[in-house]
1. Could you list all residues from the range B:50-73 that are open to solvent by 60 Å² or more (accessible area, probe 1.4 Å) and more than 9 Å from every other protein chain (Cβ to nearest Cβ)?
2. Determine which member of the set B:G16, B:G97, B:G30 is outside any helix (DSSP H, G or I), surrounded by fewer than 23 Cβ atoms within 10 Å (Cβ to Cβ) and touching a Gly at 6+ places or on another chain (Cβ under 7 Å).
3. Given the options B:A83, B:A40, name the one that is assigned to a loop (DSSP other than H, G, I, E, B) and either touching a Leu at 6+ places or on another chain (Cβ under 8 Å) or open to solvent by less than 10 Å² (accessible area, probe 1.4 Å) (or both).
4. Would you say A:V21 is among the β-branched types (V, I, T), open to solvent by 10 Å² or more (accessible area, probe 1.4 Å) and part of a strand (DSSP E or B)?
5. Taking A:V88 as the residue in question, decide whether it is buried (at least 24 other Cβ atoms within 10 Å of the Cβ), at pLDDT 95 or above and farther than 28 Å from B:A83 by Cα.
6. In the list B:A121, B:A135, which residue meets the criterion of being assigned to a loop (DSSP other than H, G, I, E, B) and either touching a His at 6+ places or on another chain (Cβ under 7 Å) or of a type in the set (G, A, S) (or both)?
7. Quick check on the range B:29-49. Is at least one of its residues over 19 Å from A:V100 (Cβ atoms), more than 8 Å from chain A (Cβ to nearest Cβ) and at pLDDT 95 or above?
8. Might you let me know whether the range B:104-121 holds any residue that is at pLDDT below 95, among the polar types (S, T, N, Q), closer than 30 Å to A:A142 by Cα and exposed (fewer than 14 other Cβ atoms within 10 Å of the Cβ)?
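The values are calculated or read from the model by the stated rules, or taken from the named source; none is laboratory data. All values reported here derive from a predicted model rather than from experimental measurement. Don't worry about glycine lacking a Cβ; one is built from the backbone with ideal geometry, like all the others, and counts go over all protein chains shown. Please note that ligands, DNA and RNA were not included when accessible areas were found on the heavy atoms of the full protein model with its side chains. Shrake-Rupley method; radii C 1.70, N 1.55, O 1.52, S 1.80 Å.
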Protein chains: 2
Amino acid sequence: MKVLGVDPGLTRCGVGVVEGVAGRPLAMVGVGVVRTPADADVAHRLVLIERGIDEWLDTHRPEFVAVERVFSQHNVRTVMGTAQASAVAMLCAARRGLPVALHTPSEVKAAVTGSGRADKAQVGAMVTRLLRLDAPPKPADAADALALAICHIWRAPAVNRLQQAHAAARRASVPVRTLKGTR
Amino acid sequence: MKVLGVDPGLTRCGVGVVEGVAGRPLAMVGVGVVRTPADADVAHRLVLIERGIDEWLDTHRPEFVAVERVFSQHNVRTVMGTAQASAVAMLCAARRGLPVALHTPSEVKAAVTGSGRADKAQVGAMVTRLLRLDAPPKPADAADALALAICHIWRAPAVNRLQQAHAAARRASVPVRTLKGTR
């Protein structure tokens, strides 16, 4: 099972690809960050994120995409940008018929470290150990993306099969849409 | 000047195209709603919104796209979906090199009715009068999309020229992106 994890953000979007199955050693396939300039307008930044994510999907051909679930409760200042970046990641995956799973930060931390309240350093350390890396991936967004992919591989074999079936059914169906123009 | 206004939402995305210039009577070119099923997963709904918006852009070829600016302060339950739908609308426009403008709900109400605190009925009534329609467009999301387009035509001729220049410069430039894969 090959999974692309995405830690969404307008300035830095962490991306990491992990391959493996639950109960066996996992392998890192790739890790990086899609960056956009803070002084560009939001619409253009979303285009850059789309290009970045598409390039990761083209290069690594994952079977699943796991995106961090964004909550509106905390960090109100940046939450809109995070929601928008996550929308682009979900869109890029779903457009290709790839199943998209959302995991909360606590689910990811709990899966990887055993505690839903683990800090960045603990997550980075566990990702390093689980993927047998020489050092924790940097920046933290990249490590978080790998943690998301690991969480997905471990958490939901049954959920994955269900989502794949849904995605396949959808590819075969006609899209629901309303469109009216008067000229 | 032809403007597509988008009132973003996951369930109903209002879309309206208005043509004209400030100080002259305006004409409605098209109005409608892009809908997605509430029981579908978010990723798939974003794909349906993308297809809907792309079809409106293909059909009407607007020169500008005006999207309602989403705030995280109010209506926390639906704000994430609204932010995600607005991201898709901005992405569809910016990908074609179209300038994207964001207007707040109060800016739109103030432009169209004279009051930033106008209610839905007042906005609908003014849109009907300004575009010389037989009845207010329904649902309210469709009327709001037209109001956004009208607001954009009236508010910012200078801003528009600046944005067009930026968009043209961007089309000519190389995208900024970081991508690393280890396999």
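1. B:D58, B:R61, B:E63, B:R69
2. None of the other options fit; the residue is B:G30.
3. Criteria check complete, one pass: B:A40.
4. Considered against the rule, which asks whether it is among the β-branched types (V, I, T), open to solvent by 10 Å² or more (accessible area, probe 1.4 Å) and part of a strand (DSSP E or B), A:V21 comes out as no.
5. So A:V88 fails the test.
6. Checking each option against the conditions leaves just B:A135.
7. no
8. The answer is no, given that none of the residues of the range B:104-121 is at pLDDT below 95, among the polar types (S, T, N, Q), closer than 30 Å to A:A142 by Cα and exposed (fewer than 14 other Cβ atoms within 10 Å of the Cβ).
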